[in-house]
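Written below as structure tokens is the structure these notes are about.
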Amino acid sequence: MAIPQRTIKLVVIGAAGVGKTSIRGQYISQRFSTGYRATIGADFITKVVQVDEREGSEETERVTLQIWVH
């Protein structure tokens, strides 16, 4: 298994209660919770994803994606 070469940080910022954490949870674990618990400060989660290196190429690259919710 290849070690991820890059880290991409995605920061999600917005008003309280609009669903930033819910969107992140849906992407990471395909789950949705109707319970509401406010994120205090900032929180992040990581996921290793495979992305295409180049258009038309079968090469892929493993990238660590950090999703921050503020």
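When shorter helices are ignored and each DSSP H run of at least 4 residues is given -39500 (n - 2.57), the per-residue value for the chain at 222 nm works out to -4000 deg cm²/dmol.
Cα-based Rg of the range 6-69 per 2.2 N^0.38 Å, rounded to two decimals? Present the calculation step by step, with values, prior to reporting the outcome.
Numbers: Rg = 14.4 Å, N = 64, 2.2 N^0.38 = 10.7 Å.
Taking N as the residue count of the range 6-69, the ratio is 1.35.
At full extension, residue 40 and residue 6 could sit 9.4 nm farther apart than now, given 0.36 nm per residue minus the alpha carbon distance. Between residue 18 and residue 52, the simple spin-label model (points 7 angstrom out along Cα→Cβ) gives 3.1 nm. The stretch between residue 61 and residue 29 holds 9.4 nm of extra length on full extension. This uses 0.36 nm per residue minus the Cα-Cα distance.
Loop-located trypsin sites (Lys or Arg not before Pro) in the chain (DSSP state not H, G, I, E or B) with no more than 16 neighbouring Cβ atoms inside 10 Å: 31, 37, 54.
The numbers here are math on the coordinates, done by the rules we state, and not lab data. What you see is a predicted model; the values in this text were computed from it and never measured. In this analysis, Cβ positions are derived from the backbone assuming ideal geometry, glycine residues included, and neighbour counts consider all displayed protein chains.
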